Amino acid sequence: MEFSNINFWAVLAATLSTFLVGWLWYGPLFGAAWMEAVGMNKEGLQEENMAKIFGLAFVFEGIMALNLALFLTGSPEAAAKVTAASGAFYGFLTGFGWIFFALAVNSLYERRSWKYICINGGYWSVAFTIMGLIIGSWK
C-alpha cells in the first residue's frame, strides 16, 4: 500500500459526498421512516450536540474514504487500472457486501427491524458506491 497513489482531493470529495447522500437519505427520502425505526423525533434530534456528531462523522467517513482509496489505488498497478465504473463497483461491493451485512448481523442481535436494517444498510451501499465512483474517476 502506497499513499503516494492516493488522490487526497478525491478522498475529501468522497467524504463530503457521504454528507450529501446522508442529507438526502435521512432527510427527504427516508427521514420519517428512519426516525420511526430508531424511535426518535425531530425534537430529540435538536437536543443533541450536532457539532460533535457531524465533526466525528466527518472524521470517521474520511477514514472510510481513505481506506477505500487504499483498496482501489494503493499500488501503482491498481491505480493504473481503476476507473469510475470499477470504483463504483468495488464501492458497492464494500457497502453492500460488507457494511450492509455487518450492520444487519448487529441489528439482528439488537432486535432492530428490517426497516432499520434496510434504511441504514441501503445508505452505506449507496454512499460507498458514490465514494468509489469519485475515487475511481478522479485520479
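Just so it is clear, none of the values below were taken in a lab; they were calculated from the coordinates. Keep in mind the model is a prediction, meaning the values are calculated, not measured. Reconstructed Cβ throughout: ideal geometry from the backbone, glycine too, with neighbour counts over all protein chains shown.
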Could you calculate the contour length gain from K139 to A32, that is, 0.36 nm times the residue separation minus the distance between their Cα atoms, to one decimal place in nm? 34.7 nm
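Please state the relative contact order of the chain as a whole percent: Cα pairs under 8 Å, 6+ residues apart?
Computed value for the chain: 40 percent relative contact order.
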Alpha carbon centroid spacing (whole Å) that separates the stretch 113-135 from the stretch 31-70: 13 Å
Could you pull out every whole DSSP H run in the chain that spans at least 27 Å of Cα extent along its own axis and averages 0.0 or higher on the Kyte-Doolittle scale? 50-73, 114-137
What lysines does K139 reach when the alpha-carbon gap must be under 25 Å and sequence neighbours fewer than 8 apart in one chain are set aside? K81
Value of [θ]222 nm, deg cm²/dmol, for the chain, DSSP H segments ≥ 4, -39500 (n - 2.57) each, nearest 500: -23000 deg cm²/dmol
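Scanning the chain for GluC sites (Glu not before Pro) in DSSP loops with at most 11 other Cβ atoms within 10 Å, what's the longest stretch left with none?
Numbers: sites that count: E47, E48, E110.
With GluC sites (Glu not before Pro) excluded where exposed in loops, the chain gives 49-109 as its longest stretch.
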Setting aside same-chain residues fewer than 8 positions from K52, which aspartates and glutamates have a Cα under 18 Å from its Cα? E43, E61
When only DSSP loop residues count, what trypsin sites (Lys or Arg not before Pro) in the stretch 69-126 have their Cβ near at most 13 other Cβ atoms within 10 Å? R111
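Applying 1/(1 + (r/R0)^6) with R0 = 35 Å to the Cβ-Cβ distance of L108 and A84, what FRET efficiency is obtained, to the nearest 0.05? Please list the in-between numbers first.
Numbers: r = 35 Å, r/R0 = 0.99.
FRET efficiency, L108 to A84: 0.50.
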Contour minus Cα-Cα distance for L24 and L93 (0.36 nm per residue): 22.7 nm
